[in-house]
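Asker: Sharing a structure, written as structure tokens. Questions coming.
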Amino acid sequence: MKNPRLTLAMLLLVYSFNFLDRQILSILAQPVQRDLDLDDSQMGMLGGLAFAALYSTLAIPLALIADRTSRSWVITISLAVWSAFTALCGIAQNFTQMFLFRLGVGVGEAGGVAPSYALIADSFPPERRARALAVYSLGIPLGAAGGVLLGGYIAQAVEWRTAFFTVGLAGLVIAPFFRWLVKDVPRGPVAADRVPVGRVFGILAAKPGFWLLAFGAAAGSMCGYGVAFWLPSLMMRSFGLSLVQTGQFFGALLLTGGVAGILLGGALGDRLGARNKRWYALLPAACYVLGTPLFIAGVLSGGWAAAFALFLLPQALVYVWLGPVLTAVQHLVPAHMRATASACFLLVNNLIGLGLGSWVVGELSKSLAPTYGTESLRYAIAAALCLYLVAGALMALASRRLERDWVA
């Protein structure tokens, strides 16, 4: 690979589509629920469990293939698959069909992230990895913002089905260009070794730092994915915003707070981690704890302007973890096991966080509805935000183990 920056830019573009295709359902939740006659619990399943079930489990075998063959090819094929299933979501006529198509989106996206982490780690030196992984992670707020903005505009101008068709076909167009521009980094003879996943998992399982990082990230992601999925519905139900206004509100929040938090996490992770590896976990721990009370205050506020002001800082803080924690995971195993190690981490993180987050908030909202009516979603989200405190505690414990678990 002759140009690491070009590779990083293309990986960022693909990751943005990953989250665009994932997040677009959140802004379309209200019209989809209305047309398909779904309750909050079913919608929560479509946003989490339907996607995460195969996304989490297939990530490991696909990462093994990427470690043994071509990481760029695995990413290319994955992009084409998840884009095709996103387009198919536009023809769903009921809950079952939409559930199956969302499973397909998860199958495709399973092969995108872990090989990308490994490709970035192969391309950048250790002292620049947290920043490079942070730049890659910008795909989360950029893609999510694109999903809510584009989805809102298209759905209001035409209909929600057209939004799925549009973003799915766009991903299919990008796939061949990605393969043409992105090449694998030579990894030497060891890269061809057929390392069993059991061996990689055995190395990780013996390190308490891995479990604390993984469960800490899972607790944070359970809250983060749940809030991200349901916040657009909250803005429409409780704050009176229209579909397009909600897209603008959430898109602006992601593009300002989310981008700032990820870049800050990458820069501080590299700087503080060079002094003491404990900071790769301590930094996210502090940010989770500091952001929680402001987030809750925003959810319980009385107007959208006050909510935006209160959301802005915690939205940045809860994204800080990405660069530092992903860098730490890359250093828990030897270099030729990185994609598989990332997939093991993502298995825990996504199965719990992505799989349960939106469903738990939806189920909690459904159970609170007899008491709070249309305001039930507000209190469900406020309760779920306490999971950030759990994430902070687990990250703080992980910081004690990183020095001894680190692989140079």
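The values are calculated or read from the model by the stated rules, or taken from the named source; none is laboratory data. What you see is a predicted model, and the numbers here were worked out from it, not measured in a lab. We place every Cβ from the backbone using ideal geometry, glycine too, and count neighbours over all the protein chains shown. All accessible areas refer to the heavy atoms of the entire protein, side chains included, with ligands and DNA or RNA removed. Shrake-Rupley method; radii C 1.70, N 1.55, O 1.52, S 1.80 Å.
Here's the yes/no breakdown for (1) modelled with pLDDT under 90; (2) over 18 Å from ALA130 (Cα atoms):
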{"residue": "PHE308", "(1), (2)": "no, yes"}
{"residue": "VAL325", "(1), (2)": "no, no"}
{"residue": "SER342", "(1), (2)": "yes, no"}
{"residue": "CYS386", "(1), (2)": "no, yes"}
{"residue": "ARG404", "(1), (2)": "yes, yes"}
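Asker: Next question. Within the group LEU402, LEU385, which residue is at negative phi, of a type in the set (A, V, I, L, M, F, W, C) and out of contact with any Ser or Thr (no Cβ under 8 Å at 6 or more places or on another chain)?
Answerer: Step by step, each of LEU402, LEU385 is checked, and only LEU402 is at negative phi, of a type in the set (A, V, I, L, M, F, W, C) and out of contact with any Ser or Thr (no Cβ under 8 Å at 6 or more places or on another chain).
Asker: Now, a different point. Can THR69 be described as open to solvent by 10 Å² or more (accessible area, probe 1.4 Å), of a type in the set (Ser, Thr, Tyr) and within 27 Å of VAL329 (Cβ to Cβ)?
Answerer: yes
Asker: Now a separate question. Residue check: is LEU142 more than 20 Å from GLY90 (Cα to Cα), in a helix (DSSP H, G or I) and at pLDDT 80 or above?
Answerer: yes
Asker: Quick one: in region 59-78, of everything that is part of a helix (DSSP H, G or I) and farther than 21 Å from ASN349 by Cβ, which residue is farthest from the chain's Cα centre (by Cα)?
Answerer: So the residue we want is ARG68.
Asker: Evaluate region 107-123: report whether one residue or more is in a helix (DSSP H, G or I), surrounded by fewer than 22 Cβ atoms within 10 Å (Cβ to Cβ) and among the hydrophobic types (A, V, I, L, M, F, W, C).
Answerer: yes
Asker: Also, quick follow-up: Do we have VAL259 as open to solvent by 10 Å² or more (accessible area, probe 1.4 Å) and under 24 Å from GLY357 (Cα atoms) here?
Answerer: yes
Asker: Hey, another quick one. From VAL173, VAL148, VAL244, grab the single residue that is modelled with pLDDT of 90 or more, closer than 30 Å to LEU36 by Cβ and among the β-branched types (Val, Ile, Thr).
Answerer: Only one candidate qualifies: VAL173.
Asker: Quick one: is SER358 at pLDDT below 95 and within 22 Å of GLY226 (Cβ to Cβ)?
Answerer: yes
Asker: Out of LEU25, LEU88, report the one residue that is part of a helix (DSSP H, G or I), at pLDDT 90 or above and farther than 30 Å from PRO4 by Cβ.
Answerer: The match here is LEU88.
Asker: Further question on the same structure: Say we look at region 268-316 and pick out the residues that are among the hydrophobic types (A, V, I, L, M, F, W, C) and in contact with a Lys or Arg (Cβ under 8 Å, 6 or more places away or on another chain); which of these is surrounded by the fewest Cβ atoms within 10 Å (Cβ to Cβ)?
Answerer: For region 268-316, the residue satisfying everything is LEU300.
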